[in-house]
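To start, the structure itself, in structure tokens.
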Amino acid sequence: MQYTTPNSKVGSIFGTTEEELEVPKRGSDQILLLSVILLMVFGTLAVFSSIAFFAQSHGTTAARLVSAHIIKMGIAFLVMVFVSRINYTVLARFSRLLMLLSWILLVAVLIYGDFVFGARRSLSVGSFSFQPASFAAVALILHVSVLLHEKQDYIKSFKRAFLPIMFWITITCGLIAIEDFSSAALLMSITVLMMFVGRISAPQLFGLILIGLVGGTAFVYTSAERQSRITQYAAQITEINNRHFESGNGYQAQQAHIAIAQGKFFGVGIGKSTQRDFLPAPYNDFIFAIIAEEYGIAGSFMVIFLFTIILIRGIAGIARRAPDVLATLMALGATLMITMYGFVNAAVATGLFPVTGLPMPFISYGGTSMLFAGLMMGILLNISRYNINPETRFYNG
């Protein structure tokens, strides 16, 4: 069975132009764009509320840090707009080069990287600092989309399709996992879903998932810190008042739960958070807890609702109505990367997941995650300009 569309070129995307798509261009998805803008507004307010204690302890002011956040957010927005005007096939042509560059950066960060929360996660060049893992995630999603698209004629082949794709996924996720296991696990999950949609053989995917679970378990038990997080999480969901939760192991989760409980339905009010002085990284990893405290269940629901809109529009709207298989996979990967990061961040703050350290796209403080979230959203908006009626897509073979 092979995907076909009235204008797709299964097998190679190189050399494809806008004219060859033969699809009338429309404007970008306005609902998607509005959702991102609203998330950025929430992010600015939440960062302003949560970063005061951090600023004071680092000899600066909250206003200065918030100004820096707004500048980074503005750059990410410009990147999103710029990328939304570039034909998605143009970006796909450079996927292999981007992958190789990401490997170089991932190796460099292991050797020369700066320590962030006890791990080497960022590279600094002068006053500029960035996290290669975010760049690698974008590059991998692009390249997996390209590979799945090119191999549709023999996609069920273990040797010609599955192994070459896994080569890129395994090395990339392995390099990321050395210092950031949660990011690697989430990226692996996204690529597995992309492979499922790309029609990789079910037995091959099942074997991959099984190997991933075994390898992930082994990876957790090689680190005392990871074991501590899992132990605390298990204790937290079985008996919230036990000694594990009350000890230092459960401090982050405990403070986040206090913040959420204090927020009740409508919150304590903008800028009135008290837990921002106790939560580690309230402006990043636990920013959802600050939103819940200041805006209550109502505000928290609004943030989750906006990510849900992006998820629905990205998959049911843009990916489903994309003009070819490449666009479908790129839209799927971009949507999952943005929304899964957001949902996992919220799940950690509420105690549904163990502590991971993943930012919330468009809301958490930080330049690298904001920049690449903008890039992925730009790709999604670009593909939305070429959407077609899904009924014109058919399968044969």
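Between Lys156 and Ile178, what is the label-point separation in nm under the 7 Å Cα-to-beta-carbon projection?
Going from the Ile178 label point to the Lys156 one covers 3.9 nm.
Long-range amide H contacts for Asp324: which residues qualify at under 5 Å (H placed 1.01 Å from N, peptide plane, sequence gap of 5 or more or a different chain)?
Sorted by chain and number, the residues that satisfy this come to none at all.
³J(HN,Hα) across region 40-45 via Karplus (A = 6.51, B = -1.76, C = 1.60, θ = phi - 60°), whole Hz, x for Gly/Pro?
5, 5, 4, x, 4, 5
What ranking do 180-189, 328-337, 259-268, 359-368 get when scored by the average of other Cβ atoms within 10 Å per residue, highest first?
Most protected by this proxy first, the peptides run 328-337, 359-368, 180-189, 259-268.
Mind sorting Lys72, Lys159, Lys272, Lys151 by how few other Cβ atoms lie within 10 Å of their own Cβ, fewest first?
Ascending Cβ contact count within 10 Å gives the list Lys159, Lys272, Lys72, Lys151.
Using a Förster radius of 25 Å, what is the FRET efficiency between Ile209 and Leu38 based on their Cβ-Cβ separation? Nearest 0.05, please.
FRET efficiency, Ile209 to Leu38: 0.10.
For a quick check: sort Leu38, Leu213, Leu105 by the number of other beta carbons within 10 angstrom, fewest at the front.
Ascending number of Cβ neighbours within 10 Å: Leu213, Leu38, Leu105.
Give me the one-decimal nm value for the distance between modelled label points at Phe278 and Phe196, 7 Å along each residue's Cα-to-Cβ direction.
In this crude label model, Phe278 to Phe196 measures out at 3.9 nm.
Read the figures in this text as sums done on the coordinates, not as results from a lab. No experiment lies behind these values; they were computed from the predicted model shown. Cβ sites come from the backbone with ideal geometry, for glycine too, and all protein chains shown count toward neighbours.
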